[in-house]
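First the structure, which I've put down as structure tokens, then a few questions once you've had a look.
What follows draws every value from the coordinates through simple rules; no lab data is involved. Nothing here was measured: the structure is a model prediction, and the numbers come from that model. Quick reminder, even Gly has a Cβ in these numbers, built from the backbone with ideal geometry, and neighbours come from all protein chains shown.
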Amino acid sequence: MYDQIATNKFKSVLLMGLFVLLVLAMGWAFGYVTDFGVGGLIIAGGVAFAMTWGSYWYSDKIVLGMSHARLVDRNTEPYIVNTVEGLSIAAGLPMPRAYIIEDPSPNAFATGRNPENAAIAVTTGLVAKLDRLELEGVIAHELSHIKNYDTLVQTMAAVLAGTVVLLSDWMVRSFFWGGGRRRSRDSGGGQAGVILLVIGLALAVLSPLFATMIQMAISRKREYVADANGALLTRYPDGLASALRKIAGDTNKLSVANKATESLYIHNPLKDYRSGLNSLFNTHPPIDDRIKRLEAM
């Protein structure tokens, strides 16, 4: 199990490295196609920095607001708060803020830039449909995301993906507005210039697809790690396995979820399952695989 956790963490770091390289490649291509040169890299870096800065400080507030999550305390929801508090102590973490979402679909997510500024949100459906051991498994899973800084990693992945999409859009527009043709003319129309233009245009068209695939892969790897860490925290893997089985079997769609927030939840809240090549865009690993791994612990 410890080898699995280490492997998944290494793969997550590797995927983030690929993401950064993709952004840099887009910056180079943007500079070439638009005649900005090295300025393209500077623009790409500036956009990425600005988006990352904003999401770092405000992503938790934005996500909680979009989800219509309501802050609770020991007086309003003692069952939830006591569960979060007890597991936080066991995990050696500051207690995150607890929120509840009024929705019958069972689900939960964690957000926040670090353990000191974290929050866990659960739906009313989750509290109603899970027993205590199952709820503890879910909360432990979300605490593991916080402890491993997964919420920050996923936010960074989303920001980098957004940067790639923006650069791609700018490049395509510039190419068709004459920037690419001007660059080709300035280079004398040589074969090398044409090849570089083709590479730049290919990056502009395909990079958003690659960025989405990398973002989804990062999310899936972090789910495996959080499952394993959550099981270690509760010492009862069957609790989380049973919870996942109930959550996946529920037919309700979470009304407040959308494509921007689906990767944060413990299980895809949109119930949008894909197979074959389309599975590359799944935000979560196959639920049966997650349950099997937990039951094998």
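Among 244-252, 106-114, 135-143, 94-102, how do they line up by average Cβ neighbours within 10 Å per residue, starting with the highest?
Result, highest mean first: 135-143, 106-114, 94-102, 244-252.
If you don't mind, another one. For each of 171, 26, count neighbouring Cβ atoms within 10 Å of the residue's Cβ, then give the residues from fewest to most.
By the 10 Å Cβ count, ascending, the order reads 171, 26.
Give, in nm to one decimal, the length gained when the segment between residue 53 and residue 206 is fully stretched (0.36 nm per residue of separation minus the Cα-Cα distance).
Going from the current span to full extension adds 52.5 nm.
Can you sort 42, 214 so the residue with the fewest Cβ neighbours within 10 Å comes first?
42, 214
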